[in-house]
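Pasting in a structure now, in structure tokens, and then I'll have a few things to ask.
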Amino acid sequence: MTSTIEHSTVSAPALGGGIYRRLNFGTALIAGVVFAVIAWWIAHSLLDSDGRGFSDQVMVITAVGWVVGFELGIGAFTSIGKWFTGRDQTHADEMYLAGKDAGQARYWRFTTDHKVVGVQYIVVTMILLGAGGLLAMGIRTNLLSPGNHFVNQQIYNSFLSVHGMLMILALIVAVAGPWANFVVPIMVGARDMAFPRLNALSLWTLVAAIPLLLGSLAVGGNDMGWVTQAPISNQSGVGFDLFAMAIITFTVSTTVAGVNTICTVLTMRTKGMTLERLPIFVWASSIAAALGLYAFPFFLVVMSLNISDRMNGTSFFIASEGGTGWLQENLFWLMGHPEVYVILLPAVGALLEITTVFARKPLFSYRTSIAGMAGLAGLSVLVWAHHMFTTGWAPALGGPFMVTTEMISIPTGIIFLVLLGTLWRGNIWMRLPMYWVFGFISNFIVGGITGIYLSDIPVDNQMHGTMFVVAHFHYVFVGSVLFGAIGALCFWYPKVTGRFLDERMGKISFWLVFIGTNVTFLAMFVSGLRGMPRRYSSYSSIFEHTNAVSTIGAYVIMAGMLVLLGAVISSWNKGEPSGPNPWGSKTLEWLVPTPVPLENFEVLPVITEDPYTYGEARTNS
Amino acid sequence: MTVTHNEHAESGHHEAPEVVDGRQRLGIWLFIGGDMISLGALLFTYLYLRGVNSGGHWMSIVGMPSKGITSAGPDTFTPTTLVEQPMASGLNWLIVLVVVVSAALMWLGEKRLRASVNGRGAFRGYAAAATVTAVVGIVLQVMQVRNVPQYWIQSNDSALFAYTSYGSVVLAFGISAIIHFVLLVLLGAGLYVRAGRNVLSYEKWYQARLVRFFWVWIAVSTIVTAIVVTLLNTVH
Ligand SMILES: [Cu+2]
């Protein structure tokens, strides 16, 4: 199109009276608390007046008040209101929202620039990991020795539930949040995400969910584990209501984010950026986003039905009234297994990206790796009942679900081969990001293979509900996904800050986290093999030594993560300057200046070849 | 990656409306896709609970009818096994009719808007009618939700309101429908205002189609739900 430049002469007018331009995180907190208090007061006065217990209703309404107030206070509804009244945003409004010339303040606002959102996601991820990590320390300290009562059993159970869910949320956003936002639009040659305001909405909706999750601990906690198993979840205290409302809020955030990622990749690519030329991380993020769109509605529904059972008198999961806990388990795992790959895929994509750059080789079998990821996503929706082998639900389906679960090791193996093939005979540059790749390879072998054991029904009958399962999925989530997330952070950190992440501190952190992970979870495998049940706050003295080892290992992981946090903070302003492309990478995000300008590209690039031409003679330029 | 500069790249970063529309169309279909999964999860819930008929309680409950009892609960509790009948399907199909008419009005309005430069006034009429019809849908749906039979049951010495599992899912369908109809009303009213302010017009009609997609999907989801709830309701 031929465009006009009329907007460039518009001076910034007030955005609807000025108040909209004074909204930030502080006003959001204030509005959230005020609305929560008002909602609580109204609900309490109306419902509790006749002495009957409506505590669940009051808690849910209070949570809704918090979320609505917070979103109003951050300005998430401003543009919706403007749409509704037919006063669309001007270009000046859009530039204001994008954070033009706003300096540091834009990080505390409803800012639409995808790079700001990416940085905000880095911080949110660190907060989630930090809170979940502290709870993990509490759990491990309690398990240091048999009969140790660091916390009482009710609190211990709540720690388990909230640790689990905080970490699941943290890992869902750990790679997709920061990097599908910060780098994917640049990678595909776009000026921003497809829907910048929805991008900011997804971030701030996630932020709104966190106090609900942590708040559930403050109002008595919840003791049903992160899987919110009914009927325990129906009998849990009001802490469950906040827990479930946090998840419902979170599903809104991820759905919005997933739609945005897919639309960005499918409709915002620059000229010549064909699907075959997309960097593998873009594919990984898009497939994960699509899988999330499938999975998270189940999360929304299962939590809504659970709340409904608690406050509306419905009986979805209450066996005495016609419901069944199996329904809850089915709905939960219809979400729960695909979600594992929503978590894993972006991390794997980032690690593949790192590997091509530091092995100075094209990605080994690009198409195969895409097929592997698509295969993972496709199969992952057909395996959910492997979480229910021992529940007695549909024994006849055990065989088919065992087969699909074992089949999923094929695409997983393919992706693993792609990673090894890319390393094979590469000229490997051992910088910090590569450490995490090798750590991933080692850990993911353990996490993956033990998953195949557990998919086998006779073995699962023995292992289900033991610490063996906990060790397995921690090898996947900590040993693999967290390693991918940290690798991605080390890799793209220079693009965000213009500085290297401190290499020495980074390597110290790597060795602490790597050794700590293996110490903690190898010992946990042994606890599990000896029959130690999961989720118990105390145990027989025969598990004493392995638990002491696991606890020490967990402290080592924490120490490593603190060193990493120190490196992230200290290098942000004082790290060694990196220049725009310190790794000699060929994907687009490294070819723009650092710091990346607003709207990324002065002129949109035209792409003429694939992104992994390392070591090949240039045929054109 | 080799890069050349795009000679004809836009200077002001403004995109053609069709380009923006294409992106928004994909976006709305993805959201509808997510909504379809949610509906699928509720349909799964309905068919699953009916299929297992846990404890024979798909349409029966041990308790007292709630009619005539205040919110404080009954004075004396004499629970018996109560067998429920499927809800009358007339109101359900009336809601379907109302929502289908509402979607058709929106679609006709969009057609008029796109047909001629003078179609804006007609569009406003259709949008207003579609919105009002959706409000009627909300009213009827609230009536439907209130019709779902409630019972008193005894639990730990106290009396609680409860639904059978059949009633539970019908209630969930109803609440979900109300939430969706409220969205329709907001979108319809928004289009009405926007057409009045000329930001929705013969040249800029795209948002009318985006809203229509959603409207038609809601009509379809209402039909699917009604078919399942009215045809497959007795014990399997
Ligand atoms: Cu699984």
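Could you grab the relative contact order for chain A? Cα pairs under 8 Å, six or more apart, rounded to a whole percent.
Reported relative contact order: 14 percent.
Taking neighbour counts of Cβ atoms within 10 Å as a proxy for exposure, in what order, fewest first, do A:Thr412, A:Thr355 appear?
Details: A:Thr412 22, A:Thr355 28.
Ranked by crowding around the Cβ, least crowded first: A:Thr412, A:Thr355.
Further, regarding this structure: Which whole number of Å³ per residue matches the convex hull of the alpha-carbon atoms in segment A:249-386?
Looking at segment A:249-386, the number lands at 113 Å³ per residue.
So, one more: Rounded to the nearest 20 debye, what is the charge dipole size of segment A:18-97 about its Cα centre when +1 sits on each Lys and Arg Cβ and -1 on each Asp and Glu Cβ?
240
Which residues does a label at A:Thr141 reach in segment A:544-569, if reach means a backbone N under 19 Å from a point 7 Å past the Cα toward the Cβ?
Correct set: A:547-563.
In whole Å, what three semi-axes, largest first, describe the equivalent ellipsoid of segment A:107-211 built from its Cα gyration tensor (square root of 5 times each eigenvalue)?
36, 12, 9
Further, regarding this structure: Roughly how tilted is helix B:165-196, in degrees to the nearest 10 and between 0 and 90, from the longest Cα axis of chain B?
With both axes taken from Cα atoms, the answer is about 30 degrees.
Another one. At a 10 Å Cβ-Cβ cut-off, how would you order B:Leu94, B:Leu42, fewest neighbours first?
Working: B:Leu94 16, B:Leu42 21.
In increasing order of surrounding Cβ atoms, one gets B:Leu94, B:Leu42.
At 222 nm, what helix-only mean residue ellipticity would chain A give, in deg cm²/dmol to the nearest 500, using -39500 (n - 2.57) for each DSSP H run of four or more?
Working: 22 runs with 396 residues, N = 621.
Computed mean residue ellipticity for chain A: -21500 deg cm²/dmol.
So what's Rg/Rh here for segment A:169-315, counting alpha carbon atoms and using the Kirkwood radius for Rh?
1.08
Can you tell me the dipole magnitude for segment B:19-231 around its Cα centre, using point charges on the Cβ only (Lys, Arg +1; Asp, Glu -1), in Debye to the nearest 20?
Around 1160 debye, computed over segment B:19-231.
Return the Rg/Rh value of chain A, two decimal places, where both radii are evaluated on C-alpha atoms and Rh is the Kirkwood radius.
0.97
Shielding of A:605-612 by partners, i.e. mean partner chain Cβ atoms within 10 Å per residue?
For this peptide, the per-residue mean of nearby foreign Cβ atoms is 4.
Then there is this: For the protein assembly as shown, what is the number of Lys pairs with C-alpha distance below 21 angstrom, counting only pairs 8 or more positions apart or on separate chains?
Lysine pairs meeting the criterion: 14.
Can you sort A:Arg310, A:Arg535 so the residue with the fewest Cβ neighbours within 10 Å comes first?
A:Arg535, A:Arg310
Which is the longest stretch in chain B that no exposed loop site breaks, taking sites as GluC sites (Glu not before Pro) with a DSSP loop state and at most 12 other Cβ atoms within 10 Å?
The answer is B:8-202.
Given the C-alpha centroids of segment A:20-47 and segment B:91-169, what is the distance between them in whole angstrom?
One Cα centre to the other: 30 Å.
Filter the DSSP H helices in chain A by two things, a Kyte-Doolittle mean of at least -0.5 and an axial alpha-carbon span of 24 angstrom or more, and list the hits by number. The partial results should precede the final answer.
Values: long enough: A:25-47 (32 Å, 1.95); A:55-74 (28 Å, 1.31); A:114-142 (41 Å, 1.17); A:153-174 (30 Å, 1.38); A:196-218 (35 Å, 1.37); A:239-267 (42 Å, 1.47); A:280-311 (46 Å, 1.45); A:325-359 (50 Å, 1.02); A:432-455 (35 Å, 1.32); A:503-529 (38 Å, 1.09); A:544-574 (45 Å, 0.90).
Within chain A the helices that satisfy the rule are A:25-47, A:55-74, A:114-142, A:153-174, A:196-218, A:239-267, A:280-311, A:325-359, A:432-455, A:503-529, A:544-574.
Count neighbours as other Cβ atoms within 10 Å of each site's Cβ, and list the trypsin sites (Lys or Arg not before Pro) in segment B:164-236 that are DSSP loop with at most 16 such neighbours.
B:Arg197, B:Lys204
Rule-based calculations on the coordinates, nothing more; no lab input. Quick caveat: nothing in here was measured; it's all calculated off a predicted structure. All Cβ positions, even for glycine, are placed from backbone atoms using ideal geometry, and neighbour counts span all protein chains on display.
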